[in-house]
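The values are calculated or read from the model by the stated rules, or taken from the named source; none is laboratory data. What you see is a predicted model; the values in this text were computed from it and never measured. When we count neighbours, we look across all protein chains shown, and the Cβ atoms used for this are built from the backbone with ideal geometry, even at glycine. Each accessible area value is taken on the protein alone, full model and side chains, heavy atoms only, with ligands, DNA and RNA left out. Shrake-Rupley method; radii C 1.70, N 1.55, O 1.52, S 1.80 Å.
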Amino acid sequence: MSEVGRAGLTVITWNAQGSHGMNVPAVAAALMAHDPDLVLLQEVQRRQLGELHLALRATDARWRFKHWGVTIPAEGLGVVSMVPLDRVHHQVLAHRWQFWNWRRRVAIHFGVEVGGVLVRCIDVHLGAGVPHSERVRQARELLRAAPNAGLIAGDLNAEPGSHELSVFAEGGWRDAERRIHGDTARPSTNWAAGPRTQPPTQRLDYLLVPDAVEVLEAFVPDDWPTWALLSDHVPVVARLRFARL
C-alpha cells in the first residue's frame, strides 16, 4: 500500500441510446442498484444528462457534444460523478468539423480524486459503421493522449478478439471483466436491431484498466430485461481499487 493509501471506485459504463428517449427515473433506479461512484455514458443528450444528474443526486456531471442529428437534439458523451471532476477536456477522434455526421467521434478525459488518489479516466465511443482499420486508428489516437490514465471505458464497437482490442492490450490495457473471469465466455451487452425479447447478442462495451489497478469485481448485470426497456445496451459494472498511478 502506498503512503497515500488505497482508493476504491465503483464505475458503470453504459450506452444510453438517448435518441430514443430516456425514462430518467427508471434509469436512475437501475443505475443506483449498483451504488456507482462514477457513471460513464455514451449516446446521451445534454438535457437527459442534466435530469439524470439531479435524479442520482450526484456531485458533478459533464457533457461533451458528439454530433447533431438535425431532427433530434444533439447527443454526446456524459459523465455523472458522486465526487468532483477535475481537469476535464475532450478529444476529437474522427470528423472534427462535420458536426452533423453521426460518425463523428469524441472522448472525454477527466480526473477524479478518491482517497487522495487522482484517477485519470476516459469515456469513449469508438466508430460504428466504419472498417476495423478506422477503429484501430481511433484507438491508437486515444492511447497517444492517455498517458498515466487509470481507466478507459465505453462502447468500443468491437467484439472480443478483435484487432481493436488487441491495440489496447498491446498498450497495457486489460479488460476488467477478463481479469476476474479469465477467458470464459463473457455476457453480451448489445442487441442487434429488432425486439429485445431475448438476451443481448454481441459484446461491444468494455471497461479497461492497466495492470496496476486492482479489479475487485467486474460484470454485466444479468437483469437484461430491465435494461432492454431502457436502451439497446446493457452496462458493464466494475469495482476497482487504485494506488497512485
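Observations, loosely collected:
- Residue-normalised accessible area of the chain, expressed per residue, 1.4 Å probe, Å²: 44
- Length released on extending from residue 241 to residue 72, taking residue separation times 0.36 nm less the Cα-Cα span: 56.9 nm
- Rounded to the nearest 20 debye, the dipole magnitude of the chain is 700 debye, with +1 charges on Lys and Arg beta carbons, -1 on Asp and Glu beta carbons, and the Cα centre as origin.
- Label point at residue 33 placed 7 Å out along Cα→Cβ; residues across region 208-245 whose backbone nitrogen lies under 19 Å: 217-239
- For region 146-245, taking Cα atoms only, Rg and Dmax work out to 14.0, 45 Å respectively.
- In the chain, the portion of solvent-accessible area held by carbon and sulfur atoms comes to 52 percent [1.4 Å probe, whole percent, DNA, RNA and ligands not counted].
- In this simple spin-label approximation, residue 99 and residue 180 carry label points 7 Å from Cα along the Cα→Cβ vector, and these lie 4.1 nm apart.
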